[in-house]
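Visitor: Below is the structure I would like to discuss, written out as C-alpha cells.
The values are calculated or read from the model by the stated rules, or taken from the named source; none is laboratory data. Being a predicted model, the structure only gives us computed values, none of them experimental. Backbone-built Cβ (ideal geometry, glycine too); neighbour counts: all protein chains shown. Only protein heavy atoms, including side chains, enter the accessible area calculation; ligands, DNA and RNA are left aside. Shrake-Rupley method; radii C 1.70, N 1.55, O 1.52, S 1.80 Å.
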Amino acid sequence: MNFIQMATSYNSRERKSEFKRISSRRLLRMLVVPLVTLLLICAVITFFQPRFLSLRALTAVATDAAPLLMLVVGSAVVILIGGIDLSVATMASFSAVLLVIISPTTGDLGIVVVLSLAAFIGYLQGVIHHRAQIPSFVVSFGTLGVLYGTAHYITQATAAPLGSSLIIPFLGAKTAGVPHGLVVAVLCAVGLSLTLRFTRLGRDLFAVGSSERAALVAGVKVGPVKAIAFALSSFFAAGAGLMFLSQTGYSSPAMANNYLLPAIVGVVVGGNAISGGVGGVGCALIGGLIAVMVRLGTVMLGLNPAFQNILFGIMVLVSVALTIDREKIGIIK
Amino acid sequence: MAQLPSTAASIAPRYDEGRLFSGTTEKAMKINIKELGPAFTLVVLALAFSILSAQFFSMSNVQAILESAAIPVVLAVGITFIIVQGSIDLSIEGVMAASSMAVALLIANSITTFDYGWLAIAAGPVFGLAFGLSNGLLYTYLRLPSLIVTLATWFIGLGVATLLFPGRQPEILDGRITMLAIYKPFGLSFLVCIAFVVATIGVVLQNYSQFGRMSFAIGIDEKTTRLSGNSVRLHKILAFSFMGVLAGMGGAMISAQLAVGNPSAGQGFLFPTISAAVIGGTLLSGGKGGVLHSVNGVLILEVLRNGMVQLGVDPYLRHVVEGIIIIAALVVGNWQLRARTRVVK
Amino acid sequence: NDVGDVYLGVGSASSEYWAAYIEGAKAVASSLGKDVNVIPSEFDGQKLLEQFGAVFAAGCEDCVVTVDPASNAFTKAMIERADTAGAKYVNLWNRPDEIHPWDTVPNTWIANISFDGVDSGYQNGMALCNALGGKGNIVALNGIPDNPPAKQRIAGLHKALQECPGLKLLDTQVGNWDQTQGQSITRAWLAKYGDELNGIFSANDGMALGAVAALREKGLVGKILVTGSDGSSDVIKLIEKGEMLSTMHIDGYVQGAYAVALAAAAVKGDIKMDELKQDQRDFFLSQTLVTKDNAASVLNSKKDASQFSYDALKGNFWAASVGQIPAGANK
Amino acid sequence: MSVLAARHVSKSYPGVRALADVSMELRENEILGLIGQNGSGKSTLLKIFTGVEQPTEGSLLLRGQQTIIRSPLAAAALGIGMVHQEQSLITNLTVAENIFFDKHALGKRYGFYNWRSLNKAAERQLAKLECEIPPDLKVEKLSFPERQLVEFAKVLAVEELIDDQLVILFDEPTSLLSPSEIEGLFRQIRRLKERASIVFVSHRMDEVLEISDRVHVMSNGENVAERTPSETDHKELYHLMVGSRRSEDYFLEERRRPTSAAPPRLETHRLSAPGAFKDVSFAIRQGEILALTGVAGSGAEEFCRALFGLEEGVTGKIIFNGKEHPVDARPSDLIAEGIGYVAAERKLEGVVTGRTIVDNIVLSFGSKLGKGLFIDRDREISSALHWIARLKVKTPNAAEYVERLSGGNQQKVSLAKWLLSENLQLLILDHPTRGLDPGAKADLFEAIRDLSDQGISILFVSETLEETLGMADTIVVMRDGQVSATFSDLFHAKPAPEAIVEAMV
Ligand SMILES: Nc1ncnc2c1ncn2[C@@H]1O[C@H](COP(=O)(O)OP(=O)(O)OP(=O)(O)O)[C@@H](O)[C@H]1O
Ligand SMILES: Nc1ncnc2c1ncn2[C@@H]1O[C@H](COP(=O)(O)OP(=O)(O)OP(=O)(O)O)[C@@H](O)[C@H]1O
Ligand SMILES: O[C@@H]1[C@@H](O)[C@H](O)OC[C@H]1O
Ligand SMILES: [Mg+2]
Ligand SMILES: [Mg+2]
C-alpha cells in the first residue's frame, strides 16, 4: 500500500528520501522547462543569425541583460507574496540620478547611501501597504510618482555624467570577456535564491503568497515579511539603476523607467504566478533572460519595425506557452 | 452515557474581509458607509481644489474635466469587468492605435480614397472586437496568463497600426466624426454622452446580466464557478470582447478629437486606466469593486491632474504631490476597513 | 572599403518626421546598393541601447549607423558600443554638452547632426510676440523634460520673452510630446485662464495638435494662437487655414540623407576624420519657420530621391548645415 | 428500484486511488448513510455523482440509464443536488444568486436577471428551512451557520427543476449546526424522502443511525460493508470503519485529573470585543482541559480568537503565566509565548494551500530546529514525517500539496504544526474534531490527554456536548457574549447535560 498511514517507524529514511526526491523533481521541472525554452529561443536566433553564437555576442547580450535581471529578480520577491511593485524602474532611475548628484561629495560611499535609502523607501512602502491595507499597486503607483517627480526636480530634467567613482566603472567593465555586471547580478540572484530556500524568511514569503490568512494564524509575521519583500525589491531596483549607470556613464531622471514592463513580464515568463506563491528567483532569472532574448531576437532577424512588434508579441506567447506549469498554477488569471 | 443530540456550539467567525459577524443579520442592500472611501476621496479632493483655486469649480472647468474623462471612462468600464474577473488586459493601447488608424483610413481622409462614413466609424469597435475576441480565445484555450496574452496583442496591435501608417497622419475630412467632439448641445460633447451611456450600460450589465454577476463569481472563486458548471470560459471571452469593443471605440473617439488617424493614439491610456480602476476600489485580485468604483477612480485622477494645472504646481513636483495625495487618500479612505485578518494584495 | 549594413535608430516608425527621415536615409543607402534596417525606440533609449546591443553583438564592421539615442544619458554608451563593433556612427539630436565627435572615439563617431532648438523656440516665441502686438498672455507645453530639444525650445521661448517684455508666460506644463496630454492640459488652462489667454506655445506639433483639438471644442480655434515645432503636414495645413500660427519645419528627409552619407563617406574614405573641422562634425541643419505666408510652398516641396544619391551629396556633405552647435546648447 | 447507481467506479489522482471499483446503488425514496475513515473516498464518490469529477473507470446509471454527468449544472438539470463538505458559496453574490448559481432557472432570461422573481424563488426555498435570511443579502454578510442553511436551500431548489425522483447528496452537513437546526434539517430530509433519494455522509454515528434506511461503509476507496440501522450499532460501524474496536473509554476519561490546585496559566479580566462578547473574566490552569461552549452568537469562538489576537478592538486584561500581556498582541507574539490555535475554518486559516504537507507542518516552529536565521531542512522533514505518521495523515507522500488531502486529513495537518512547538503552554482548539472520523477523533483525544499530562492547557470549543462532557476538566458556558455558567472539576463530579443546555439557551 502506498499510504504513509501504516508507517510505524516515524523517522523512516524511505519517506524522507521520497520527499526529497519529489521536491527536487519539482524544483528541477520548474527550472528546466524555462531553461529549455531559453535555449530553444537562442537556437532559433542562431539559425537565422549564426553570428549570435560567438563569445563576443553572448557577452555583449549578457552585459545588456544584467540591469534588467536585477530588476526582474527583485520584482519577483514582491510578486511571490502576491503583490506588485510598480516603482522598481523609477527607483532604478532615481538611484542612478541620486548617485551622480551625491558622488562628488560622498565618493563611492554614496553607493551605500543610495542602496540603503532605496531599501528604506521599499520598506516604507511595505509598511504602508500592510498597515493601511491598501493595494500594493496603489502604494507603489504613488511612490512611482514621488520618485519620478523628485528625480526630475533635483536634476531639473538634465542628464549628467557620473563624476569620479571606482566601483561603478568596475561594474561596467569585463574580466576575460566576462562582464562584471552579469556576475554581480547572478551572485545577487543566487544569494537571494539561497535566502529563500534556506531561511525562515523564504518559507514565510511563500506562505504569505499562497495563503496570507493561514500564514498569519500560523504565526508568520506578515507585516515585516511584506515590508522586507518590498525593501528587497527596491534594493535590487537601486542596484539595477547603478548597474545601468555603469553602462551609460550618464544618468538621467527617466533613464530606466521603461524597464517596468519587461521586469514584470520577465517574472511571469519564467513561470511565476502573478497571483503569488508559485515560482522563485531562479525562474525569474531565466524568465528575464527569455524576455531579453525575445526582444533581441526580433531585431536580429532584421524585420521591419511593424513586424518586429508583431513577432515580439508572438514570441512572448510561444515562450510562455512553453514555460508555464499549468498543473501547479491551477487557475490561471 | 446517554446519546444526546449533538450540540454544536456553532461556528460564528466570519471569513471575509476578516470582519466578525456581529450578532444579527444585517439589513439587505444597506449601503455600507465604510465602502464609500473612494467616493469621499473624490469629494474631498474636489472641495480642496475648489478652496485653493477659484476657477476649479467653475462650469467650464467641470466641463474640461468631464471632456478629459470621456475616453478613460469608456476604457475603465471595459477593464472593470476584466479586473473583477481577476484578469488583466494590457492590449488597450495597441487596440486603440490600430482602431484609430483603421477609422481614419476608411473614412473620408487625406490619404486614401475610401469614404465609408458611419460604417468607417463602426470599424473602430469592430477592429477592437477582433482583438478582444482573440485575447479571450487565446487566454482561455491556451491557458496562458492574460497578462502575457494581452501583452502580445498589445504589440501586435502596435505593429498593425505601424503597418497601416502611410508615412503621415491621415487627416479626417468627414465632419460627422469630428463633430462628435466639437458639437456641444448642452455644453458637453457627444463623446461625454457616449462615455455616460457606456458607463450606464456597464452598470446595467454588472447588476442585471448573468455576464456581470458571473464576472464577480469568477473573480472571487473561479474554481467553484467552473465546478458548478457555469462556463467560465464564455464569460472570460465576453469580458475581453467587451473590452476590445470599448478600446476600439476609444480609438475612434481619439480620432474624433484629434481629427487625424494616429498610430500612437492609445499611448498613455493603459496605465492610468488600470490605476483608476484600482484606486476606485476595483482590486486586481478580483471579485471586488465595479463600474462605478472605476469611474470614480477615473474622476479622482482627472481631478488631480486638472487641479495641479489649476494650482500651477511645478510640473516636476506635480508628480510628487500627486503620488502623495493618492497614497494618503487611500490610506484615509480605507482606514475604517482595516482588520487583522483582512487580506489586501 | 565597402559600406556594411545600414542601421537607423529612430524615435518612432510612425511619425511623419521620422518617416521622412527614413525615406531620406533610404535614398542615399539605395544609391549605395544597401537596404536600411530601422530600429524604433518609441522614445525609450534603454530599449534602443539593448536592441543595438543585438546589432552590435557579433560585430558590425563598416556598418553605417545613425541613431537618435532618445536621451543624453544613452549617447555615450551607444557610441562606445558602435566603436567596439567597428561601425561608423552619426548621432542625432541627443548629444550631452560635454562630449563631441572629435574628443570621444573620433574614428567611430563621425558627426552629430541636430536642429537648433533654441532657434525654434525663439522664432516661434517671436512669432507669437509679433502676432499679439507685443502684448498678451501665453502658456507653454513642454516635451519629455530631459530631451535636449525640449529644453532648447523652452530656452528659446524664454529668450524671446526677454525681447518681448509685454508677453507674459503664465504657466509651463509637461505634455511629453503627446497629443492627448497636450489636449487635456489645454482644457484645464482654458478653464483656468478663460479669456485672459492669448497664445499657446507648444514644443512640438503633436502637443500643438492636442491644444488645437481642445480649442476646437470651445470654438476658440484661431482666436487663441498656437505654435508648434516639426512642420508636420497636418500642422502646416492648419497654419494655411489660419487655425495655427506657426511651426518650425525641420526636414527629416535631408537629415536622414546627410546622416547616412556622412557615415558612408567615412567608411569609403571619402572624408578623413583628422582633416575635418569641428563645425563639420557637430552642426545644425537649416530649418524654416512656417507661417501662413510660406505654408503652401513648404507643403509642396516634395523631395526627389534622385537628388539625394550618395554621389549627388558627395560634392558637399555640409550643404544643409547652418553652422556648428554652440557650446552650452545641450546643457 | 435503483435511482442512481455506480458500476465499478474507480477514480485515480496522481499517486492516489481515491476510489477502487465501487459499486453502489441508491434506491427510490431511501436515505443512504455513507460512512468511512478520512480519505476513504466518500466525497470523491459524491463528486462523481454530481459531475464535479469524472470517474477514471466505470459508469453511472441514472434511473436505469447509463448517464454521463458532465457538470453540476447538468446534474441539477437531472435532479441531482449536493451539499459540499467545504462551503461552496460565492461570497460576493447574493443569497438568491447562490441558490440558483448552479441552475438554469427561474428569474434569468436571455442572460438577464429579473431580481424580483429570483428573490421570490429564493425566498420559497429558504422558507422550507424556516429561516428568514433576506435573499438579496450578499453571502459575505452571513454567519457561518447561516451560510450552511443557504447551502441547504440551494440543494432544495433542485426540486423545483424537475418532477422526477430527485437525488440529494449531503456531505457532512451537520458539523456546523445547532441541535434545533439539525432537527430542522432532518425534518426537511424526511419530507424530501417522499420524492427523493438521499445520501447522507457523516462522521456522527448517532445521526447516521437515526436518519438512514441503509448504511454503506467505505474504506480505502472501497465499499466494504452494507448494513441497516436495525441490524447494527455504533460499535460495529466503528469497527468496520476504523478496523479496531472502539474502546469503552473513548474519551480516556480515566486519565482525567483534578486541576483546581494547578496554578493558573491564563486569566482574563473583563475582556470584551465589540459585537462579540463582553466582560468575560475567566481562567484556565496549567494542564487543564477547558471546554468553552454556547450556541451560535454566544461569543465562544470569538473569545478564543481574541485570546489569539485575531479579534478587533479587544479591551480588558489578559494575564498569561502571571504576567499581563497586551490585548492587541499579534498571533506571532502569542505563539512565541507558547500559545497555539487550531482554526475552525481550515480552508482559509488552517492550512496554507499551494504548499506541501511538510511545509505546512513546519511553518510555525520549523525554524526552531535550525541555526540562527537558517533552517535545517533535514530535521524539519523528520519531525514533519513523525507527526504525519503519529496522526495517521493519509497521503501518498509527504510532498503532496495540502489542498489535495481529504477534509479530515487537512485538519490533522492543521493541528500537527502546533505539536512541533517545544514551549507550547496553551493550545486553543476551535472545533478541532470537525470532519474527523471517529478513529481520528480518538487519536486526537489521546493527543489532548498527552498534552495535558505535560502541563499544557487546552482550551477548546467542541462539536458536540458529548465531546465537551467527555474531554473537559472544566466547562464554561457562554450566552450572548457572557459567561453564563461554569462547571469546574469534572474529575469529581460531572454536571448533568441538561444543566449545560439550560445555561446555553
Ligand atoms: N482543469 C482545469 N484546471 C484549471 N483551469 C482550467 C481547467 N479546465 C479549464 N480551465 C480553465 O477554466 C476556464 C474555462 O473553464 P470552463 O469549465 O468554463 O471551460 P469549458 O466549460 O470547457 O468551456 P466551454 O464554455 O467551451 O464549455 C478557462 O480559462 C480554462 O482554461
Ligand atoms: N484533487 C485531488 N488530487 C489528489 N488527490 C485527491 C484529490 N482529491 C481527493 N484526493 C484523495 O482522494 C482520497 C479520497 O478523498 P475524499 O475527499 O473522497 O475522502 P473522504 O472520504 O471524503 O474523507 P473525509 O472524511 O476526510 O472528508 C484522499 O486520499 C485524497 O487525498
Ligand atoms: O518627437 C519629438 C519631435 O517632435 C521633436 O521635434 O524632436 C524630438 C522628438 O523626440
Ligand atoms: Mg463548460
Ligand atoms: Mg470528504
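Visitor: Roughly how many percent of the accessible protein surface of the stretch A:131-288 is carbon and sulfur, given a 1.4 Å probe and a whole-percent answer? Don't jump to the answer; show the numbers that get you there.
Guide: Numbers: 3000 of 4260 Å².
Of the solvent-accessible surface of the stretch A:131-288, carbon and sulfur hold 71 percent.
Visitor: Can you list residues whose amide H is under 5 Å from residue D:170's amide H, if they're 5+ apart or on another chain and H is modeled 1.01 Å from N?
Guide: Long-range HN contacts for residue D:170: D:83, D:199, D:200, D:201.
Visitor: Now a separate question. Put simply, what bits of the stretch C:169-212 lose 50 Å² or more of accessible area when the other protein chains are there, versus the chain on its own (1.4 Å probe)?
Guide: C:173, C:179, C:180, C:187, C:188, C:191, C:192
Visitor: To continue, here is another question. On the protein heavy atoms, probe 1.4 angstrom, tell me the percent of accessible surface of the stretch D:2-246 carried by carbon and sulfur.
Guide: Here carbon and sulfur together make up 46 percent of the probe-accessible area.
Visitor: Positive end of the dipole of the stretch D:351-422, charges at C-beta (+1 Lys, Arg; -1 Asp, Glu), about the Cα centre: which of D:401, D:367, D:411 has its Cα farthest in that direction?
Guide: D:411
Visitor: Carbon and sulfur: what percent of the stretch D:351-422's accessible surface (1.4 Å probe)? Numbers along the way, then the final one.
Guide: Details: 1160 of 2270 Å².
Answer for the stretch D:351-422 is 51 percent, counting heavy atoms of protein chains only.
Visitor: Using the Cα centre as the reference, give the magnitude of the dipole from point charges on the C-beta atoms of chain D (Lys, Arg: +1; Asp, Glu: -1; all else neutral), rounded to the nearest 20 debye. Present the calculation step by step, with values, prior to reporting the outcome.
Guide: On the way: 59 positive and 72 negative charges, 214 e Å.
It works out to roughly 1020 debye.
Visitor: A further question on this structure: Residues with amide H under 5 Å of residue D:20's amide H, sequence separation 5 or more or different chain, H placed in the peptide plane at 1.01 Å from N; which?
Guide: It is D:11, D:222, by chain and number.
Visitor: Counting pairs of Cα atoms in the stretch B:165-240, how many percent are more than 21 Å apart?
Guide: Distances greater than 21 Å cover 54 percent of the Cα pairs.
Visitor: Could you work out, residue by residue across B:139-151, how many beta carbons of other chains sit within 10 Å of that residue's beta carbon, and then give the average as an integer?
Guide: 6
Visitor: Once you average over the residues of D:369-377, how many Cβ atoms of partner chains fall within 10 Å of each Cβ? If you can, show how the numbers build up before the last one.
Guide: Working: counts 0, 3, 0, 2, 5, 6, 7, 1, 5.
Across D:369-377, the average partner-chain Cβ count within 10 Å equals 3.
Visitor: State the cysteines of the protein assembly as shown left without a partner when partners are defined as other cysteines whose beta carbon lies under 4.7 Å away.
Guide: A:42, A:188, A:283, B:193, D:131, D:304
Visitor: Another question about this same structure. Using helices alone, what [θ] at 222 nm do you get for chain C, with -39,500 (n - 2.57) per DSSP H run of 4 or more residues, divided over all residues and rounded to the nearest 500?
Guide: Working: 11 runs with 139 residues, N = 331.
Estimated from H runs of four or more residues: -13000 deg cm²/dmol.
Visitor: Is the shape of chain B rounded, prolate or oblate, going by the alpha carbon gyration tensor and its root eigenvalues a ≥ b ≥ c, with a/c under 1.5 for rounded and a/b larger than b/c for prolate? It would help to have the intermediate numbers written out before the result.
Guide: On the way: a/c = 2.41, a/b = 1.44, b/c = 1.67.
Oblate, because a/c is 1.5 or more while a/b does not exceed b/c.
Visitor: Charges only on Cβ, +1 for Lys and Arg, -1 for Asp and Glu: so what's the dipole of the protein assembly as shown about the Cα centre, in debye to the nearest 20? Can you show the working numbers first?
Guide: Working: 130 positive and 135 negative charges, 139 e Å.
The dipole of the protein assembly as shown has a size of about 660 debye.
Visitor: Distance from the Cα centre of the stretch A:60-87 to that of the stretch D:59-82, in angstrom?
Guide: The distance from the Cα centre of the stretch A:60-87 to that of the stretch D:59-82 comes to 50 Å.
Visitor: How large is the accessible surface per residue of the protein assembly as shown, computed with a 1.4 Å probe and reported in Å² as a whole number? Write out the running numbers ahead of the final one.
Guide: Working: 51410 Å² over 1514 residues.
Normalised by residue count, the accessible surface of the protein assembly as shown is 34 Å².
Visitor: At what distance in angstrom do the alpha carbon centres of the stretch D:254-277 and the stretch D:124-178 lie from each other?
Guide: 37 Å
Visitor: Does the stretch A:63-255 come out rounded, prolate or oblate by the C-alpha gyration tensor, with a ≥ b ≥ c the root eigenvalues, rounded set by a/c under 1.5 and, if not, prolate when a/b is larger than b/c and oblate if not? Working shown, then result.
Guide: Numbers: a/c = 2.50, a/b = 1.51, b/c = 1.66.
It comes out oblate by the Cα gyration axes.
Visitor: Report, in deg cm²/dmol and to the nearest 500, the calculated mean residue ellipticity at 222 nm for chain A, where each DSSP H run with n ≥ 4 adds -39500 (n - 2.57) and the sum is divided by the residue count.
Guide: Working: 14 runs with 246 residues, N = 333.
Result for chain A, helices only: -25000 deg cm²/dmol.
Visitor: Say the dipole of chain D comes from +1 at the beta carbon of Lys and Arg and -1 at that of Asp and Glu; which of D:314, D:289, D:357 then lies farthest toward its positive end?
Guide: Sorting the options by dipole projection puts first D:357.
Visitor: Something else now. For an R0 of 25 angstrom, estimate the FRET efficiency from the Cβ-Cβ distance between residue B:113 and residue C:237 and round to the nearest 0.05. Show your work: numbers first, answer last.
Guide: On the way: r = 18 Å, r/R0 = 0.74.
It comes to 0.85.
Visitor: Pairs to check: A:174/C:268; C:76/C:277; D:323/D:347; C:34/C:314; B:223/D:103; D:154/D:193. Give those whose C-alpha atoms are more than 23 Å from each other in this structure.
Guide: A:174/C:268; D:323/D:347
Visitor: Please identify the trypsin sites (Lys or Arg not before Pro) of the stretch D:34-108 that satisfy two criteria: DSSP loop assignment and at most 12 other Cβ atoms within 10 Å. Which are they? Working shown, then result.
Guide: Values: sites: D:42, D:47, D:63, D:70, D:103, D:108; in loops: D:63, D:70, D:103.
Answer by residue number: D:70.
Visitor: Hey, what do the phi angles of the stretch A:280-289 turn into as Karplus ³J(HN,Hα) couplings, whole Hz, using 6.51/-1.76/1.60 and θ = phi - 60°, x for Gly and Pro?
Guide: So the J values, rounded to whole Hz, are x, 5, x, 4, 4, 4, 5, x, x, 5.
Visitor: Counting only DSSP beta bridges with both residues in the protein assembly as shown, what percent are antiparallel, rounded to the nearest 5?
Guide: Values: 59 of 133 bridges.
Given both bridge residues lie in the protein assembly as shown, the antiparallel proportion sits at roughly 45 percent.
Visitor: Same structure, new question: For the C and A pair, go ahead and give the buried accessible area with a 1.4 Å probe, both sides summed, in Å² to 100.
Guide: Working: alone 13200 and 17320 Å², together 27710 Å².
Buried surface at the C/A interface: approximately 2800 Å².
Visitor: Here is a further query. Using a 1.4 Å probe on protein heavy atoms only, how many Å² of accessible area do C and B hide from each other, summed over both chains and rounded to 100? Walk me through the intermediate numbers first.
Guide: Values: alone 13200 and 18490 Å², together 28750 Å².
Accessible area lost upon association: around 2900 Å².
Visitor: To continue, here is another question. Taking every DSSP beta bridge with both residues inside chain C, roughly what % is antiparallel (nearest 5)? Write down the numbers at each step before the final one.
Guide: Values: 6 of 44 bridges.
Of all bridge pairs located within chain C, approximately 15 percent are antiparallel.
Visitor: Could I ask something else about it? Using the Cα gyration tensor of the stretch D:2-246, with a ≥ b ≥ c the square roots of its eigenvalues, what is the shape: rounded (a/c below 1.5), prolate (a/b larger than b/c) or oblate (neither)? Can you show the working numbers first?
Guide: On the way: a/c = 1.85, a/b = 1.45, b/c = 1.28.
Note, shape of the stretch D:2-246 comes out prolate.
Visitor: Which of the peptides A:55-61, A:129-135 is most tightly packed, and how do the rest follow, judged by the mean count of other Cβ atoms within 10 Å per residue? Intermediate results must be reported in sequence, preceding the final value.
Guide: Working: A:55-61: 18.4, A:129-135: 21.7.
The packing order, highest mean first, is A:129-135, A:55-61.
Visitor: Through the Karplus equation 6.51 cos²θ - 1.76 cosθ + 1.60, θ set to phi - 60°, convert the phi angles of the stretch C:238-255 into ³J(HN,Hα) values in whole Hz; use x for Gly and Pro.
Guide: For the stretch C:238-255, the Karplus curve yields 5, 5, 4, 7, x, 8, 9, 8, 7, 8, 9, 7, 9, 9, x, 4, 5, 4 Hz.
Visitor: Work out the FRET efficiency for residue D:281 and residue D:493 from their Cβ-Cβ distance, taking R0 = 30 Å, and round it to the nearest 0.05. Mind dumping the intermediate values first?
Guide: Numbers: r = 23 Å, r/R0 = 0.77.
The pair residue D:281/residue D:493 has a calculated efficiency of 0.80.
Visitor: Still on this structure: Long-range amide H contacts for residue B:109: which residues qualify at under 5 Å (H placed 1.01 Å from N, peptide plane, sequence gap of 5 or more or a different chain)?
Guide: B:173
Visitor: Which value results for Rg/Rh of the protein assembly as shown when Rg is the Cα radius of gyration and Rh the Kirkwood radius based on the inverse mean 1/r?
Guide: On the way: Rg = 35.7 Å, Rh = 35.0 Å.
Radius of gyration relative to Kirkwood radius: 1.02.
Visitor: Also, I was wondering about something else. Please report, in debye to the nearest 20, how large the charge dipole of the stretch D:2-246 is about its Cα centre when each Lys and Arg carries +1 at its beta carbon and each Asp and Glu carries -1 there.
Guide: On the way: 30 positive and 34 negative charges, 96 e Å.
That gives a dipole near 460 debye.
Visitor: Taking every residue in C:32-43, how many Cβ atoms of other protein chains lie within 10 Å of its Cβ, on average? Walk me through the numbers before you get to the answer.
Guide: Working: counts 0, 0, 0, 2, 1, 5, 5, 5, 7, 1, 6, 4.
For this peptide, the per-residue mean of nearby foreign Cβ atoms is 3.
Visitor: Here's a follow-up. Positive end of the charge dipole of the stretch D:199-263 (Lys, Arg +1 and Asp, Glu -1 on Cβ, about the Cα centre): tell me which of D:228, D:201, D:215 has its Cα farthest that way.
Guide: Among D:228, D:201, D:215, the one farthest towards the positive end of the dipole of the stretch D:199-263 is D:201.
Visitor: How large is ³J(HN,Hα), in whole Hz, for each residue of the stretch D:206-218 in order, when computed from phi with the Karplus curve 6.51 cos²θ - 1.76 cosθ + 1.60 and θ = phi - 60°, using x for Gly and Pro?
Guide: 4, 4, 4, 5, 5, 9, 7, 8, 8, 10, 10, 10, 10
Visitor: Still on this model: Ranked highest first by the average count of other Cβ atoms within 10 Å around their residues, in what order do B:139-145, C:91-97 fall?
Guide: Numbers: B:139-145: 18.6, C:91-97: 23.9.
Descending mean neighbour count gives C:91-97, B:139-145.
Visitor: Just to be sure I understand the curve: with the Debye formula and one point per C-alpha of chain D, what is log10 I(q)/I(0) at q = 0.06, 0.12 Å⁻¹?
Guide: The Debye formula, applied to the Cα set alone, gives -0.29, -1.17.
Visitor: Chains B and A: buried accessible surface, both sides, probe 1.4 Å, rounded to 100 Å²? Show your work: numbers first, answer last.
Guide: On the way: alone 18490 and 17320 Å², together 31000 Å².
Interface between B and A: roughly 4800 Å².
Visitor: In vacuo Debye scattering of the stretch C:140-193, one point per C-alpha: log10 I(q)/I(0) at q = 0.12, 0.17, 0.22, 0.29 Å⁻¹?
Guide: The calculated log intensity ratios at q = 0.12, 0.17, 0.22, 0.29 Å⁻¹ are -0.30, -0.59, -0.88, -1.10.
Visitor: Determine the calculated [θ] at 222 nm for chain D from helices alone, applying -39500 (n - 2.57) to every DSSP H run no shorter than 4 residues and normalising by the residue count; nearest 500 deg cm²/dmol. Don't skip to the end; give the middle numbers.
Guide: Numbers: 17 runs with 158 residues, N = 505.
One gets -9000 deg cm²/dmol as the mean residue ellipticity at 222 nm.
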